[in-house]
Amino acid sequence: MAQLSYREAVAAGIAQEMERDPTVYLIGEDVGAAGGVFKATVGLLERFGPDRVRDTPISEQAIIGAAMGAAMTGLRPIAEIMFSDFLATCWDLVANQVAKTRYMTGGQVSIPLVIRTANGGGVRFGAQHSQSLENWAMAVPGLKVVAPSTPADVVGLLAAAVRDPDPVVFYEHKSLYAAKEEVPDGEHVDALGTARVLRQGDDLTIAALAAMVPRALDAADRLAAHGVFAEVIDVRSLIPLDTRTILGSVRKTGRLFTVEENPRVLGWGAEVASLAAEECFDSLDGPIVRITTPHVPLPAADALEDAAVPSVERIVETVVAGMG
Amino acid sequence: MTDTTIHAGAAAAEGLDRDSRLALYRLVAEIRTFEKRAYDLFLQSLVKGTSHLSLGQEAIAAGVALAMRPDDYTFCTYRGHAHTLARGAPMAAVMAELLGREGGLLAGKGGSMHLTSVEHGVMGSYAIVGAHLPIAAGAAWSAQVRGTGQVAVCFFGDGTTNIGAFHEALNLAAVWKLPVVFVCENNLYMEYTPIGAVTAVPNPAADRASAYGLEPIVVDGNDPEAVWAVARAAIARAREGGGPSLIEAKTYRHGGHSRADPGKYRPDEEVREWMTRDPLTTYRARLAAEGVEESTLSGIDADALAKVDLATAQAKDSPPPPVALVERDVWSDGSATWRN
């Protein structure tokens with residue numbers, strides 16, 4: 001077992017797949033010589049050469065389009081969009097072309113493509129470099145959506161995404177890049193569409209994603225000190241969504257709290273809450289509660305950003321209040 | 001137009017033998033007959049939704065297709081019936097797709113604007129202006145790194161030259177020396193607005209070529225042999241590793257932008273002038289003048305009509321697609337499943 005940071009895990013996951021499969025290519029802005037602006041692709045150019053690790057111009061439409069055209073014709077490209085906010089500049093390619101072409105053509109083409117992007121706040125970059133945009137992709141039929149919270153999951157889910165025959169949007173969390181963890185030696189491949197129960201508990205279920213996962217775990221520790229025992233689920237994959245695990249936990253505990261970094265309206269937790277209300281109504285002992293960023297663009301100043309995004313304290317207070 | 005290379009006329013078509021010229025005429029005639037039939041079927045409400053015809057623009061699809069290798073890639077716009085047929089996609093399936101039938105090329109899932117036939121190299125028809133230029137570049141990139149010698153050809157309209165994806169794709173293709181040929185069908189109107197009224201340069205594609213280190217190429221898009229000649233040269237250059245080309249083919253659509261548009265914004269005199277340059281009648285007249293027997297040409301005309309009649313009958317006979325298709329083929333396992 002090696003200690004890897006989340007950013008090292010990105011490079012390790014890509015390297016594992018590029019080593020295994022010569023059709024895997026990496027393209028994006030500054031991914032080669034610079035090793036990525038978040039240093040998540042360090043060493044890949046040296047190891048795999050400039051043909052397979054290609055720097056692109058600042059042309060997000062060209063990046064996604066090139067990756068799509070290549071994916072339709074025999075390659076398995078990994079395309080980096082530096083910040084998830086920049087998906088807005090190529091959303092036509094992502095939402096209209098990558099997502100829909102298989103369906104529209106009656107299944108004539110597959111698009112085995114991974115779009116990696118740095119998502120989320122916590123780095124004081126302000127409203128255009130900090131958004132949590134996993135729900136954008138979640139809302140488009142034809143895209144798979146993954147957001148890992150740990151280095152081991154980065155490697156395993158990235159490998160699963162590369163091997164998947166369909167397009168996957170892979171949201172890496174900026175504030176987690178420095179997080180370290182033991183990552184299994186040797187080839188590591190996880191499964192898309194699987195949530196993970198990280199902590200058992202009988203009183204309530206907390207479902208969290210990406211950077212909200214460690215906060216939910218901290219909150220669960222503090223709640224335990226109050227005699228409230230939370231089951232914490234790392235949702236990991238929004239499409240496919242592992243409702244069996246999430247709703248199974250809700251049926252056991254009778255309460256559901258979601259912790260979402262996205263702004264309130266139509267965040268991923270809204271779909272989870274809706275499913276719980278529709279399918280677990282008889283198991284619920286109280287209202288489903290969503291803990292989210294308010295419905296605002298994310299502010300830059302540390303004091304404001306920290307106040308906006310769900311904190312450990314807010315999770316604890318909301319759960320204590322909600323559990324009565 | 002300074003420094004713009006003009007390629008036009010039969011002189012450019014040196015090397016095209018009689019059989020190839022007849023094949024070219026046959027393609028033009030088949031596309032013309034198909035598009036007229038498609039228009040008739042709209043009027044009968046058998047074709048639902050919208051559609052965009054290539055009436056008047058047939059020579060470009062035909063000329064380029066004749067210059068392509070069977071394993072080359074075609075990327076079309078929503079005005080893509082012509083290019084799809086020109087690569088050999090089955091006409092009955094194309095017609096059935098317009099009619100929304102099970103026998104359609106896409107089993108009714110895509111419709112007129114998304115014709116695709118991967119087995120014929122038609123990698124899709126893309127209905128958001130500009131989107132497919134970077135996608136075509138990607139297919140070319142794939143061909144380049146796989147070393148297959150395939151070339152991607154990407155057709156688009158004049159209006160596309162003003163959208164960002166055009167410039168992103170041209171730049172990337174030039175920087176990576178990709179085997180892709182971009183073919184601008186300049187029919188003088190972006191939709192309803194004259195392209196010249198909204199574009200800073202007179203030749204919307206060719207005058208931008210130098211920004212990407214490319215040769216400006218303008219061709220008479222109503223002359224199938226001239227189109228074939230420039231396409232052949234560009235495709236050969238791409239195949240040999242010489243990188244992309246940008247061809248601007250001047251043409252004119254005989255009808256409006258789409259089914260809903262009668263095209264009344266165009267001056268009568270302009271329409272009359274362009275109708276004298278109809279690619280079908282002018283090419284037919286040229287072939288006749290250069291010794292092709294009238295019986296041969298009318299035989300091709302009759303074959304085209306019979307082929308379109310048969311395709312129409314087969315399309316009409318095809319049932320509507322089963323509703324189960326709604327939830328098929330979102331994913332590669334055939335399903336639409338998003339949860340467990």
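The values are calculated or read from the model by the stated rules, or taken from the named source; none is laboratory data. Everything quoted here is computed from the prediction, not taken from an experiment. Cβ sites come from the backbone with ideal geometry, for glycine too, and all protein chains shown count toward neighbours.
Could you check the stretch A:293-324 and list, in sequence order, the residues that are surrounded by fewer than 19 Cβ atoms within 10 Å (Cβ to Cβ), β-branched (Val, Ile, Thr) and either in a helix (DSSP H, G or I) or not assigned by TED's automatic domain parsing to the domain that holds residue A:257 (or both)?
A:312, A:318, A:320, listed by residue number.
Which of (1) crowded, with 24+ Cβ neighbours inside 10 Å; (2) facing chain B (nearest Cβ under 7 Å) does residue A:57 not meet, given it meets every other one?
(1)
Take the stretch B:74-105 and flag every residue that is of a type in the set (A, V, I, L, M, F, W, C) and touching a strand residue (DSSP E or B) at 6+ places or on another chain (Cβ under 9 Å). Break it down stepwise before answering.
Here is the first cut: in the stretch B:74-105, the ones of a type in the set (A, V, I, L, M, F, W, C) are B:75-76, B:82, B:85-86, B:89, B:91-96, B:98-99, B:105.
B:75, B:76, B:82, B:86, B:89, B:93, B:94, B:105 - these are the residues of the stretch B:74-105 that are of a type in the set (A, V, I, L, M, F, W, C) and touching a strand residue (DSSP E or B) at 6+ places or on another chain (Cβ under 9 Å).
Within the stretch B:94-106, track down each residue that is touching a helix residue (DSSP H, G or I) at 6+ places or on another chain (Cβ under 8 Å) and either at pLDDT below 95 or closer than 17 Å to residue B:313 by Cα (or both).
Within the stretch B:94-106, the subset touching a helix residue (DSSP H, G or I) at 6+ places or on another chain (Cβ under 8 Å) is B:94-99, B:101-106.
Correct list: B:94, B:95, B:96, B:97, B:98, B:99, B:101, B:102, B:103, B:104, B:105.
Among the numbered criteria (1) surrounded by fewer than 24 Cβ atoms within 10 Å (Cβ to Cβ); (2) farther than 19 Å from residue B:212 by Cα, which single criterion is violated by residue B:96?
That leaves (1) as the condition not met.
Just checking, which of A:79, A:71 is closer than 16 Å to residue B:126 by Cβ, in the same structural domain as residue A:167 (by TED's automatic domain parsing) and in contact with a helix residue (DSSP H, G or I) (Cβ under 9 Å, 6 or more places away or on another chain)?
A:71
Counting residues that are within 12 Å of another protein chain (Cβ to nearest Cβ), of a type in the set (S, T, N, Q) and under 21 Å from residue B:62 (Cα atoms), which strands (runs of 3 or more DSSP E) fully inside the stretch B:95-193 reach at least 1?
B:122-126
Read through the list (1) farther than 16 Å from residue A:62 by Cα; (2) free of Cβ contacts under 8 Å to residues at least 60 places away in the same chain; (3) within 14 Å of the chain's Cα centre (by Cα), then give the number of the only condition that residue B:157 fails.
(2)
With respect to the numbered conditions (1) within 14 Å of another protein chain (Cβ to nearest Cβ); (2) in a helix (DSSP H, G or I); (3) of a type in the set (Asp, Glu), which one is the sole condition not fulfilled by residue A:19?
(1)
For residues that are free of Cβ contacts under 8 Å to residues at least 60 places away in the same chain and assigned to a loop (DSSP other than H, G, I, E, B), scanning just the stretch B:194-238, find the one that is surrounded by the fewest Cβ atoms within 10 Å (Cβ to Cβ).
B:200
Condition test on residue A:251, is it surrounded by fewer than 18 Cβ atoms within 10 Å (Cβ to Cβ), farther than 26 Å from residue A:170 by Cα and touching a Cys at 6+ places or on another chain (Cβ under 6 Å)? Lay out the reasoning, then the answer.
On the way: surrounded by fewer than 18 Cβ atoms within 10 Å (Cβ to Cβ): yes; farther than 26 Å from residue A:170 by Cα: yes; touching a Cys at 6+ places or on another chain (Cβ under 6 Å): yes.
So residue A:251 passes the test.
Considering A:253, A:245, A:292, which residue is over 22 Å from the mean Cα position of the chain (by Cα) and polar (S, T, N, Q)?
A:253
For the stretch B:311-340: of the residues being part of a helix (DSSP H, G or I) and touching a helix residue (DSSP H, G or I) at 6+ places or on another chain (Cβ under 7 Å), which is surrounded by the most Cβ atoms within 10 Å (Cβ to Cβ)?
B:315
Is the stretch A:19-39 home to any residue that is surrounded by 21 or more Cβ atoms within 10 Å (Cβ to Cβ), charged (D, E, K, R) and within 25 Å of residue A:186 (Cα to Cα)?
no
Identify, from the list A:140, A:189, A:213, the residue that is outside the structural domain of residue A:37 (by TED's automatic domain parsing), β-branched (Val, Ile, Thr) and surrounded by fewer than 23 Cβ atoms within 10 Å (Cβ to Cβ).
A:189
Can you tell me which residue within the stretch A:41-54, out of those that are out of contact with any strand residue (DSSP E or B) (no Cβ under 6 Å at 6 or more places or on another chain), closer than 30 Å to residue A:101 by Cα and more than 8 Å from chain B (Cβ to nearest Cβ), is surrounded by the most Cβ atoms within 10 Å (Cβ to Cβ)? Talk me through it step by step, then tell me what you get.
Taking the stretch A:41-54 as the starting set, the residues that turn out to be out of contact with any strand residue (DSSP E or B) (no Cβ under 6 Å at 6 or more places or on another chain) are A:41-43, A:46-51.
Now narrow it down to the ones that are closer than 30 Å to residue A:101 by Cα: A:41, A:50-51.
Restricting the remaining residues to those that are more than 8 Å from chain B (Cβ to nearest Cβ) gives A:41, A:50.
Working: A:41: 25, A:50: 11.
Here the residue is A:41.
Identify the residue in the stretch A:70-125 that is within 11 Å of chain B (Cβ to nearest Cβ) and part of a strand (DSSP E or B) and, among all such residues, is farthest from residue B:104 (Cα to Cα).
A:79
Among the residues in the stretch B:303-320, are any within 14 Å of chain A (Cβ to nearest Cβ), closer than 28 Å to residue B:155 by Cβ and at pLDDT 95 or above? Quick ask: steps written out before the conclusion?
Step one: filter the stretch B:303-320 for residues within 14 Å of chain A (Cβ to nearest Cβ), giving B:318.
From what is left, the residues that are closer than 28 Å to residue B:155 by Cβ are B:318.
Add one more test, that the residue is at pLDDT 95 or above, and what stays is B:318.
Checked the stretch B:303-320: at least one residue is within 14 Å of chain A (Cβ to nearest Cβ), closer than 28 Å to residue B:155 by Cβ and at pLDDT 95 or above.
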